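These notes concern the structure reproduced below.
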Amino acid sequence: MFARSALRSLNQSRQFSSSAARQTKVAVLGAGGGIGQPLSLLLKIDPLVSSLSLYDIRGAPGVAADVSHVDTNSEVRGYPADKLDEALEGVKVVVIPAGVPRKPGMTRDDLFNTNASIVRDLAAAVARVSPEAHVLVISNPVNSTVPIVSAVLEKAGVYDPRRVFGITTLDVVRAARFLGGLTGSDPKDTRVTVVGGHSGATIVPLLSQTENGKSITGEAYEKLVHRIQFGGDEVVKAKDGAGSATLSMAYAGATFTHKLLRGLNGEKGVITPTFVKSPLFADQGIDFFSSNVELGPNGVEKIHPLGQLSASEEKLLAACLPDLKKNIEKGKAFVA
Ligand code: NAI
């Protein structure tokens, strides 16, 4: 049932894990949801996860009982609504897919009113119980929820910008898949760096930096960029009111989590785009940005610059920055 690439990368990691000593306790907050359930399953079969702590205001003990029967070594425990603090005890990595998803016609920003307070309260619990945990934010709008988590941790005096990540991996996954489909190449050989933020025009794919991507020009280029930026809408429309991407997002979330665990375990050269506190555009008042980030034992090890951009990409970037700035400011204002 899993994508071949998911199995391939997990098999590779099984081989890697035989030489990696350290394993990690991971919590999923929102584990009962559309993303949370398949994400929990994928984390159960990740050999770098030793213990899985599943929390939701609804249904987490059931998901935990189900997932715990999968024949891998990790322990799984589920926690009901009133056991958030217990769920976070001893946790090294916290993945947050809690919150409402989009319905047709909604932007990610339309989710702000509901999800901002959910994420704020969960971040406060992290600050209280597991202040040294790495926090991986899936809940939308990511451009605002990451600044919210950061500000809550900062207020609590436990903020380390190397440990807070917005998961933008689904944009990277989509870009590889869509470009692969266009050029007839295997997506695994079609890595695309996607920078900026995670919504519409703030998603900036750097196709010129990919061998296959350079060949796409004119109308085909415009269409491909649009599809990468608005691919989420295809899913929202097809689900017709039943939510947004869950399965591909769970895959993307598990992929990013696995990369972080590899970095935390000391593997060198683990580089992927993610939305983090970043100096790249801080002089323009934009202090969170997604670009290639090297992950290491402390989380963010090195933030890579964007590299050479084409004229079209410069335009995309110019369109991204003002929107991104507004989204970040909205998140900060919510906590202030
Ligand atoms: P869903 O509605 O199926 O699941 C959300 C879960 O969160 C529910 O089980 C709900 O009970 C739980 N929840 C609500 N408040 C909570 C709280 N205070 N503590 C713990 N759990 C709580 O939604 P779905 O489809 O799983 O999406 C979740 C979020 O992920 C949405 O905000 C969505 O927009 C976002 N998302 C992000 C993507 C990305 O690329 N970063 C891609 C797709 C969705």
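The values are calculated or read from the model by the stated rules, or taken from the named source; none is laboratory data. Source: prediction; values computed, not measured. Cβ sites come from the backbone with ideal geometry, for glycine too, and all protein chains shown count toward neighbours.
Summary table
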read-out	value
Test set (1) within 13 Å of the ligand (Cβ to nearest atom); (2) in a helix (DSSP H, G or I) - E219 fails condition number	(1)
Qualifying residue in segment 241-253 (condition: modelled with pLDDT under 95, assigned to a loop (DSSP other than H, G, I, E, B), surrounded by fewer than 16 Cβ atoms within 10 Å (Cβ to Cβ) and assigned by TED's automatic domain parsing to the domain that holds S215)	yes
Count of residues meeting criterion [farther than 13 Å from V94 by Cβ and either in contact with a Pro (Cβ under 6 Å, 6 or more places away or on another chain) or part of a helix (DSSP H, G or I) (or both)] in segment 132-144	3
Residues that are in a helix (DSSP H, G or I) and crowded, with 24+ Cβ neighbours inside 10 Å, drawn from segment 191-205	T202
Residues located in segment 90-131, provided they are farther than 21 Å from V76 by Cα, at pLDDT 95 or above, more than 10 Å from the ligand (Cβ to nearest atom) and not in a helix (DSSP H, G or I)	P131
Sole residue being free of Cβ contacts under 8 Å to residues at least 60 places away in the same chain, on the phi < 0 side of the Ramachandran plot, within 16 Å of the chain's Cα centre (by Cα) and buried (at least 20 other Cβ atoms within 10 Å of the Cβ), chosen from S40, S74	S40
Residue match in segment 266-274 (condition: under 18 Å from V204 (Cβ atoms), among the hydroxyl-bearing types (S, T, Y) and either in the same structural domain as P141 (by TED's automatic domain parsing) or away from the ligand (no atom under 16 Å from the Cβ) (or both))	no
Hits in segment 153-190 (condition: assigned to a helix (DSSP H, G or I), β-branched (V, I, T) and farther than 13 Å from S290 by Cα)	V173, T183
